[in-house]
Amino acid sequence: MSPAKKTPKEVTTKSSVGEKKNGPVKKEEAGIPIYNTVGQEVERVALPKKIFEEKGSDKLIAQYIRVYLACQRQGTISTKTRGEVAGSTRKIYRQKGTGRARHGPIKAPIFVGGGVAHGPKPRDFSLTMNKKQKRRVFFAVLSQKFSAGDIQVVSGFSEIKPRTKETCKVLDHFASGEKKRVLVVLPEKGFEHMRQGGRNVSYVEFADAQTVNPYAMLKARKILLAKESLAVLEKRHHEN
């Protein structure tokens, strides 16, 4: 017997199923959502993979934190030894015949006002890390925060008036239940009003997109990224 021919109806049905499989999500729908200052999504921009899809090891991130915190130590504390304390070097009483312990100058560490034995002295606590490692950690932390949903891109920060009440109202749309640790990343110029309105808010920290560091991002529970900062981050990626 000859094989049965497929009807036109069957052929069209099969091709329509194939179209569904080949196009689940468009590229435009997979971009980063941009929100206005009221918390509404207004547009989407293409996802910069080189910024938000960097892979980094937890060991390298931990190493960066250790280096960063070590470099924050000033190392300026200083105590005086018995040779540096101002005072007489005279023997306080004779060596024998008093019934007391043998002593020399009153600047000895066991006396009040004397020197400090084995006390701290100024020293350099700083550690180093090469540029490639720092760059990898920065974009790895940025990617982790973005995949966890802790980063939101906002447009309209430049239009906010320099008032604490208005700034808090804007922040409540994005971090109402996550106060205490909010990092707002802004370009260097053009956002002075936003900084002025939020400088009295205890749970908000501002950082420039050109100089923000991974430690500040790791501390923050929510990161609000100005739309204009995306271009700065891309430029920073190329420079490194």
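Descriptive notes on the structure:
- S143 vs. criteria assigned to a helix (DSSP H, G or I), among the polar types (S, T, N, Q), at pLDDT below 90 and in the same structural domain as E43 (by TED's automatic domain parsing): no
- Here the range 45-87 is the region considered, the condition is being assigned to a loop (DSSP other than H, G, I, E, B) and of a type in the set (G, A, S), and the residue that is farthest from E239 (Cα to Cα) is G87.
- Tallying residues that are aliphatic (A, V, I, L, M) and over 21 Å from the mean Cα position of the chain (by Cα) within the range 149-200 yields 2.
- Residues in the range 124-155 that are aliphatic (A, V, I, L, M) and farther than 26 Å from V170 by Cβ: L127, M129, V137, A140.
- Members of the range 82-120 that are surrounded by fewer than 13 Cβ atoms within 10 Å (Cβ to Cβ) and under 30 Å from L69 (Cβ atoms): A117, H118, G119, P120
- Scanning the range 5-27 turns up one or more residues that are at pLDDT below 55, exposed (fewer than 10 other Cβ atoms within 10 Å of the Cβ) and within 26 Å of V232 (Cα to Cα).
- Selected residue [farther than 30 Å from K235 by Cα and of a type in the set (V, I, T)] from I106, I151, I160: I106
The values are calculated or read from the model by the stated rules, or taken from the named source; none is laboratory data. What you see is a predicted model; the values in this text were computed from it and never measured. Note: ideal-geometry Cβ built from the backbone for every residue, glycine included; neighbour counts use all protein chains shown.
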